[in-house]
1. Does any residue in segment 211-223 that is outside the structural domain of Y38 (by TED's automatic domain parsing) come within less than 6 Å, Cβ to Cβ, of a residue that is of a type in the set (K, R) six or more places away or on a different chain, and which pairs are these?
2. Give the number of residues within segment 431-461 that are open to solvent by less than 30 Å² (accessible area, probe 1.4 Å) and either under 15 Å from M415 (Cα atoms) or touching a Pro at 6+ places or on another chain (Cβ under 9 Å) (or both).
3. Across segment 228-254, which residue is nearest to ligand 2 (Cβ to nearest atom) among those that are open to solvent by less than 20 Å² (accessible area, probe 1.4 Å) and in contact with a strand residue (DSSP E or B) (Cβ under 7 Å, 6 or more places away or on another chain)?
4. Please go through segment 579-609 and give me each residue that is in a helix (DSSP H, G or I), more than 17 Å from K456 (Cβ to Cβ) and open to solvent by 10 Å² or more (accessible area, probe 1.4 Å), ordered by number.
5. Looking at segment 309-327, can you tell me whether even one residue there is more than 16 Å from ligand 2 (Cβ to nearest atom) and farther than 15 Å from T385 by Cβ?
6. Between a residue in segment 281-298 that is more than 15 Å from T257 (Cβ to Cβ) and outside any loop (DSSP other than H, G, I, E, B) and any residue that is within 11 Å of ligand 2 (Cβ to nearest atom) and of a type in the set (K, R), which pairs come within a Cβ distance under 8 Å, given they are 6 or more apart or on different chains?
7. At pLDDT 85 or above and either crowded, with 22+ Cβ neighbours inside 10 Å or not assigned by TED's automatic domain parsing to the domain that holds C478 (or both): does that describe S539?
8. For D670, which of the numbered conditions (1) open to solvent by 60 Å² or more (accessible area, probe 1.4 Å); (2) modelled with pLDDT of 90 or more fails to hold?
Amino acid sequence: MVYTPATPLTALTGVGPARAKKLEKLGLTHLGNLLDYYPHRYEDRRTVYTIREAPAGEACCVCAMVADYPTLSHIRKGMDLVKLRVVDHTGQLHLTFFNQSYLREVFRPGDSYVFFGKVEAMGHRRSMTSPAFEPEGRGQITGRILPVYPLTAGVSNQLLLSLAQQAVEHCTQQAPDAIPAPVRLSHQLCQREFALQNIHFPRDYEALALARRRLIFEEFFTLTCGLGLLKERRVQGEGTPLPPPPMHAYLSLLPFTPTGAQRRAMEDIAGDIARPRPMNRLVMGDVGSGKTVVAAYAAWAAACNGVQCALMAPTELLAEQHYRTLTALLSPAGVSVALLTGSVKGKERKAILSQLEQGALSVAVGTHALFSEGVRYARLGLVITDEQHRFGVAQRAALAAKGSALGAQPHVLVMSATPIPRTLALLIYGDLEVSILDELPPGRTPISTFAVGEAKRQGMYGFIREQVAQGRQVYIVCPAVGDTEGLIPLPQEEDAPDLKAATAYAQQLQTQVFPHLRVGLVHGKMKAREKESVMSAFSQGQVDILVSTTVIEVGVDVPNATVMIVENAERFGLSQLHQLRGRVGRGCHKSWCILVSASRGEAARERLCTLCRTTDGFEIAEADLTLRGPGDFFGKRQHGLPQLKVADFASDVELLHEARDAAQALLAQDPDLSQPEHALLRQRVGEIFAQEADTFN
Ligand code: ADP
Ligand code: MG
């Protein structure tokens, strides 16, 4: 049988239907898939020791001969031991295997094996427990640098290793290179075949480094080519020009003077939407930098041109808040605003839908319900999404598609309160123009931040009482119960501090700690209505202390709140903590952020110190990326970018820049990658953006 990348795994010996199903879970259905199913680490098993020289306490390979027949002993129900003595010219080694009774039939005196495991030394006695092993001379799992693959239940490393071996053997020559030869040569990248061989079965660590470098470059290169294409496509699309009326007409609606940064962002938008191609702009600014009035400006300009605007927020809470702000700002100018979320139902919903369809409504504020089935717009000209990192590149494309039904693509404005490291911005927003709000509105009082341990808890409660006595309000945020999405897993050596479960904690605070104060609670599992009523009670000053999970993370604005307390702060990412801190310091009173952590871990402490030191969101984001790694910078795949297989946004920054420059140079010369020598690259780009197949069709 001739193996090719298209050979189904079921055609290989050792892969039956059951195993195939499990492999499919890892995205492996064909032999070719194995090529870029990379090991996530390696074990250096090159040195094979004699029994005496084998370093105690370390996993290593030992070559030895079976001395006696193995013995099987039954310890208790569900616990069998196979014991085996092996020898070489330097000594003897005692092996124990748990619950592998079949091994009694495997080992025969006189046979030589290489065992891999941790050698324990007790006096002169040397032993190993449940080592991996193979006959001497086979060299599959010993005597080499062993690739260790990400596994799933029912799929062993051994299986993946043998599949990868076959893939590398049969398919690497048939895996043509997507990197154009001139690019490969000018960036000193190794051949694809060499790279694939050595990423799986490194000859040595130098070869592995060369292989990695090439594959990382390839990954970034393909990705940035794809984003370049997306951007290009946008630029070419047809948009409806919406020349805005003079700015002062809008400014007269505002209760304050805009900051220079806000004004610049509005001018950027004015310039964009006046042109006959769709705007695709990101406004990125720290919490409190005043993004809402910038968004409102765009909505206003759209309304003045007789087109509709949809403003989408990630939560109902935020949608409702935006709805209130926009109504207050724009209704005096005669612009109609409506709220459309999942909880708007019945008659009300019907009325809004029909007004939208007839064009009687200018601005619809809501959640993704704005784009659900059955919502039709008469003339959708502008789509604004707030807190963008919760939506992905794919969703942006979907939104654009909604408007395209009308022939022209709507203008797209994205607001992000998450300052992100430049390197990530480069990728995540690679298809957008960017305006940065780097100036806070005047009159903000700086926030003091402290990281404290349990010892300070009573003092902290006293401080809360003082603040409330002065008429201020307090947030207390806990990690969500049973919902660890987006939270940092604890390093294992750290003892898990008792997670404050919001509901129980709120109760305890109310009954035992602050019996005379008003304690409220919001968490993600509550109904939108309930959340809304607690939040509005808080913003009207009817609640003193609001205990919550991170549902308040984004956007909520209560200027009278002056204290932000975060429990189990070590469980949050720095950027997330920074967002939380941004909930206070919004009014004229001095504000505090207290990060409570019982964690004694050095790393945890250091992370929290970053926040005490600076309030610059961009600096914090960089630190977060470096300390925490980018893997889950935004939670699982929320950035909407294809998952990277070898590359790492944080540690491979230099290669990222190199690859991006190469991609830009290539696109300058062949903007849609239509030249025949770029066909394969074009195809790869399509593949890695598979979730957005439509965009690349
Ligand atoms: P964010 O960028 O976090 O979305 P918001 O748009 O919610 O910030 O603005 C935060 C607060 O600052 C709001 O209460 C808003 O009214 C106020 N604000 C915005 N711009 C200005 C300004 N130029 N001068 C004074 N206050 C402003
Ligand atoms: Mg906001």
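The values are calculated or read from the model by the stated rules, or taken from the named source; none is laboratory data. No experiment lies behind these values; they were computed from the predicted model shown. So basically every Cβ, Gly included, is an ideal-geometry build from the backbone, and we count neighbours across all protein chains shown. These accessible areas exclude ligands, DNA and RNA; they are computed on the full protein's heavy atoms, side chains included. Shrake-Rupley method; radii C 1.70, N 1.55, O 1.52, S 1.80 Å.
1. Qualifying pairs under 6 Å: T222/R684.
2. Of the residues in segment 431-461, 5 are open to solvent by less than 30 Å² (accessible area, probe 1.4 Å) and either under 15 Å from M415 (Cα atoms) or touching a Pro at 6+ places or on another chain (Cβ under 9 Å) (or both).
3. L242
4. Answer for segment 579-609, where residues must be in a helix (DSSP H, G or I), more than 17 Å from K456 (Cβ to Cβ) and open to solvent by 10 Å² or more (accessible area, probe 1.4 Å): E602, A603, E606, R607.
5. No, segment 309-327 has no match at all.
6. That search, which allows pairs on different chains as well, returns V283/K291; G285/K291.
7. No, not satisfied.
8. Checking D670 against (1) open to solvent by 60 Å² or more (accessible area, probe 1.4 Å); (2) modelled with pLDDT of 90 or more, the one that fails is (1).
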